[in-house]
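Quick notes on the structure that follows.
Read-outs: derived from the displayed coordinates by stated rules, not from any lab. Computed from a predicted model, the values in this text were never measured in an experiment. Ideal geometry is used to build each Cβ from the backbone, glycine not excepted, and the neighbour counts take in all protein chains shown.
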Amino acid sequence: MVNIITDRTGFPLLYVGAIDAYVHWIPITKVQFEYFICDNPSTHFDEGWYQEVLALNPRLSYTRLASRHRRSRTVNYWELFLTGINPEEIHLFCEWNEATTGKEFWIPTELDWRQLYQFLTEQESILDIEELFNNAGVSARALSVLKAADNASKSLGKRNMPRSLAHQMLMSQGVMEWVACEEGRNDWGGMGNPDSNFQSIMRSPDGPTDNPRDPGGRRLRHYGFRLIVPAG
Amino acid sequence: MSNPVCPFCQDVHDYDESNMCPAYGYEIPVDYLEKYSKNPPLWLVTVGYSQHGKTCFLSALTMMLENLNSVWPTTYFPLDQNTRDQIRQMRIEMAEGSQPKPTQLKEIPQPLLLHMYDIPDVGSKSLIVYDSAGEAFDQILDDEDAKNLSALREVNNIWFLISLKDLEKDKSRRLFDLFNIYVDGMKRLMKGASLEGRNLIVVYTKADKLGDRLPADIKNYLYNDPFQDLTNEHSPRNTDAMRTVTVKDYFDKMKTISKGLEEYTKTDIPTGGAFINLARRSGMGIYFTAMSALGADPDPYDNSLPTDAKRIRVLDPLLWALFLDQPIERTPINLILDGSLESQNLYSNYDIKSIASELGSLGKLTSYYMGRTKPIALPGQSPPLYKPKHLRPRLLGPILEKVDQNVPQIVISTGVIYDLADFSQREWGEQIFIIYVGVEEEPQSWPNNIVIRENETDIEVANKELRRFIKRVHQNI
């Protein structure tokens, strides 16, 4: 049985027994972060902040995504996701989610991410996400975004080859995802791998943790995030 | 708890800042604001030609209210100096037996403001009573004339005062004409808003002059008013008999008489039937009363009144208004303003106040900045006309997700709206109207939009388009 909860924006998180936590279905999208920006009239997440982020990775409407194919491959789908963000900013988004859901939202550790990836790679993708998410109380707008992302991930795989759940959840060919490092030079690193048309990096998604030199400094256009919610 | 509506300009203001009406400069009584939820307002306005008895009626009614405590547990309390001054004047006129002077046409009419407590079967109310000058109705030529009738906007129940005797003498006028003038005035004032749900309380004034022309049952009703001596200071008042009258029984009788007067209007008054049909076709309720504020003609030698005037069925119009009172739910409209860096141009160089006023006349406005889910002004309050302290990205989605999707959304933007394409479905296309300002052409395709390049002319055009758009949206609800 598939266990789903939603975050403050109505987007789903899937329960994964391997880490005893719920994990966001796809990396955090611009649509989700916009709810936070609009609800949070701070001097930090203002118009200037968002223009800086969009300059690195422009915004594409999910309504336009389905129509943008080249040789049956959805192009620029990564423009759905919020990237160019640093871990301190992600924490504020976590706190905002916690304020009304009463649940704790964390950036996954590198171990969490690796275990997730390995587990989800062995699971088959879900055929009808609409039915799954409708029954879980996912918002209508979120469902539209998720369907667009799902079509994009379908277009990335080889024809007639079944997708894994990890692939469907865009843990590969999505974005680089911030993780908390347990040991090493920095507190923050990256897992996953972005589509090569977005940012060309030779790595497998669960390869050695990427170590950006200055996580809180210069914005990294290919770095986004997803969150986990411990089940306990 | 609803926010107090200003009794003068009928907008909602920020009363924490000041209790002065910013539009007209009158001081809003503190009692009115503090007791707004316990004493909800009842808006009343007299409509009628010059010399048809509007001011006389109001004067008589006010004197009746002063004395009502003798028979019902009802007290009244004037709320401001203007009201106290007017009541003082009425008392002087009553004591001297002189007639009230006709109301002068004023650009900014000032109402009587009264608290009425413990009206049987009704409760407590704030009465906001406008006495419009007869000249305002003699001819309405344009929007400037309609401004003199701005009190009509919030009023659900209108006292339509007609002296049938005076109408008969004036060969050029008909009952139907006054209603047309009222409707025309309302159209100019409300710009497309419907009259549906409002009530016309037709008050035949100077009923003592109609004599045998009235049907017998109506004549009996008039002559047997238990409260006719209520304001007498020199003759016996028989308040014991008055106290036996219950409001419910009195009102039941009023309803019967209303039907009788309606029949009389159709059969005996020229254009009476047409007037009734037109009112009903406009979606208005129509009710009838007859009364005499003075009970008799003035002395022909000195034009003064008998000092103990009989007030014949003077309470009836008020009781109709009290029982019919339902607040008008002004149809909501959302105004979503640009709060980006480029919006400085919008607030500095374009007459956004004109657009906001236009929208305010078409419905109850709630204002937002794009990129901020919390409204920036209370429903019914005028929006701020400056860019926000913390600049906001042009985002609509989080606002649209929170608001009622049946409400028209008017967006004013100086550039590309980031998430507009997310709402490109047909339903949203019919609910959102975008006004682009400070650009040469629309930066994004949208079915309902206009570009303002030249300030005055284009804003006039935009306002016309907005009226059509909002009417269309409201018709589709």
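Details
- Three-way shape call for region A:1-114 based on the alpha-carbon gyration tensor, with the a/c threshold at 1.5: oblate
- In a DSSP loop and with at most 13 other Cβ atoms within 10 Å, the trypsin sites (Lys or Arg not before Pro) in region A:164-230 are A:Arg185, A:Arg213, A:Arg218.
- One decimal place: the segment A:Ile4-A:Asn197 gains 66.3 nm when fully extended, by the rule 0.36 nm per residue minus the C-alpha distance.
- Rounded, prolate or oblate (a/c below 1.5 giving rounded, otherwise prolate when a/b exceeds b/c) for region A:100-159 by Cα gyration tensor: oblate
- Percent of Cα pairs exceeding the 18 Å cut-off, where the set is region A:143-232: 51
- Rough spin-label spacing in nm, given labels placed 7 Å along Cα→Cβ, for A:Thr43 and B:Glu440: 3.8
- Rg and Dmax of region B:321-371, both derived from C-alpha coordinates alone, stand at 15.6, 52 Å.
- Using the Cβ-Cβ distance between A:Thr63 and B:Arg472 with R0 = 30 Å, the FRET efficiency computed as 1/(1 + (r/R0)^6) comes to roughly 0.80.
- Distance-filtered residues of region A:3-37 - backbone nitrogen under 11 Å, label point 7 angstrom along A:Phe119 Cα→Cβ: A:14-23
- In this simple spin-label approximation, B:Leu378 and B:Ser70 carry label points 7 Å from Cα along the Cα→Cβ vector, and these lie 4.1 nm apart.
- Hits among aspartates and glutamates - C-alpha to C-alpha of B:Lys35 under 17 Å, sequence gap 8 or more where chains match: B:Asp14, B:Asp16, B:Glu27, B:Asp80, B:Asp118
- The phi torsions of region A:133-143, fed into the Karplus equation with coefficients 6.51, -1.76 and 1.60 and a -60° offset, translate into couplings of 7, 4, 6, 9, x, 5, 5, 4, 5, 4, 4 Hz, rounded to whole numbers, with Gly and Pro shown as x.
- For A:Arg226, distant residues with modelled amide H under 5 Å away: A:Ile28, A:Trp178
- Considering only the Cα atoms of region A:94-204, their convex hull presents on average a projected area of 8.8 nm².
- Ordered from longest to shortest, the equivalent ellipsoid semi-axes for region B:400-477 are 21, 17, 9 Å, each the square root of 5 times a Cα gyration tensor eigenvalue.
- In loop segments of region B:352-453 as defined by DSSP, the trypsin sites (Lys or Arg not before Pro) with at most 15 further C-beta atoms inside 10 Å of their C-beta are B:Lys389, B:Arg453.
- Backbone HN-Hα couplings from phi across region A:203-213 [Karplus 6.51/-1.76/1.60, Hz, Gly and Pro as x]: 7, 8, x, 9, x, x, 4, 6, 10, x, 5
- Close amide H partners of B:Leu335, meaning residues 5 or more places away or on another chain with modelled amide H under 5 Å apart, are B:Thr366, B:Ser367, B:Tyr368, B:Ile410.
- Placed amide H near B:Ala290: partners under 5 Å, 5+ positions off or other chain: B:Tyr204
- If the Kirkwood radius is taken over C-alpha pairs of region B:377-441, then at 25 °C and 0.890 mPa s the Stokes-Einstein diffusion coefficient equals 183 µm²/s.
- Candidates A:Ser153, A:Ser164, A:Ser196, ranked by Gaussian network fluctuation over chain A, Cα under 10 Å, top entry: A:Ser196
- Charge dipole (debye, nearest 20) of the protein assembly as shown; +1 at Cβ of Lys and Arg, -1 at Cβ of Asp and Glu: 1640
- Debye intensity ratio I(q)/I(0), log10, region A:1-44, q values 0.25, 0.30, 0.32, 0.34 Å⁻¹ (C-alpha model): -0.87, -1.05, -1.12, -1.19
- Straight-line cross-link partners of B:Lys471 among the lysines, defined as a Cα under 21 Å from its Cα and at least 8 positions apart when in the same chain: B:Lys187, B:Lys191, B:Lys353, B:Lys364.
- Loop-located GluC sites (Glu not before Pro) in region A:143-232, at most 12 other Cβ atoms within 10 Å (DSSP): A:Glu182, A:Glu183
- Bridgeable lysines around B:Lys171 (alpha carbons under 22 Å apart, same-chain partners fewer than 8 residues away excluded): B:Lys54, B:Lys206, B:Lys209, B:Lys266.
- Reduced Cα scattering model of region B:220-267, Debye log10 I(q)/I(0), q = 0.30 Å⁻¹: -1.14
- Projected-area mean, region B:1-70, by convex hull of Cα positions, square nanometres: 6.5
- Chain A - Kirkwood radius from inverse mean 1/r over Cα pairs (Å): 17.7
- Put a dot 7 Å past the Cα of B:Asp212, heading toward its Cβ, do the same for B:Glu27, and the two dots end up 5.8 nm apart.
- Over the protein assembly as shown: Rg over Rh, Cα atoms, Kirkwood Rh: 1.14
- Size descriptor for region B:344-477, Kirkwood hydrodynamic radius: 15.1 Å (Cα pairs only, one decimal).
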